Amino acid sequence: MAKSFMPSISIRKAEYDPERKVLSVWFVASGKQYEFEGVPSETFAAFKAAFAKGRYFNDHIRNNFRYRLVASDSDHE
């Protein structure tokens, strides 16, 4: 089961699937959803606990895990 939270002004939502080790992140400004592969549960826990979630994401997740664009808000209009 995926865990989710509403983290910051730049990240609308994040969900984590611990079995697949996939972190899904939805961004506020672009409306895009990305999946990051191979994310350890410890990294998700630290991301969830971080005070500045956007900064944690940029420092520890972006460019550190393989990712793919899943969807954007415009895909659903």
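The values are calculated or read from the model by the stated rules, or taken from the named source; none is laboratory data. Just so it is clear, the model here is predicted, and its values are computed rather than measured. For neighbour counting, all protein chains shown are included, and Cβ atoms are generated from backbone atoms with ideal geometry for every residue, glycine included.
Any idea how many residues of region 21-77 are assigned to a helix (DSSP H, G or I), closer than 17 Å to ILE9 by Cα and hydroxyl-bearing (Ser, Thr, Tyr)?
1
This table checks each residue for (1) modelled with pLDDT under 95; (2) of a type in the set (Ser, Thr, Tyr); (3) closer than 16 Å to ALA71 by Cβ.
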| residue | (1), (2), (3) |
| --- | --- |
| ALA14 | yes, no, yes |
| VAL28 | yes, no, yes |
| GLY31 | yes, no, yes |
| THR43 | no, yes, no |
| LYS48 | yes, no, no |
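Taking into account only those residues within region 12-49 that are small (Gly, Ala, Ser) and touching a residue at least 24 places away in the same chain (Cβ under 8 Å), which is surrounded by the most Cβ atoms within 10 Å (Cβ to Cβ)?
The selected residue is ALA14.
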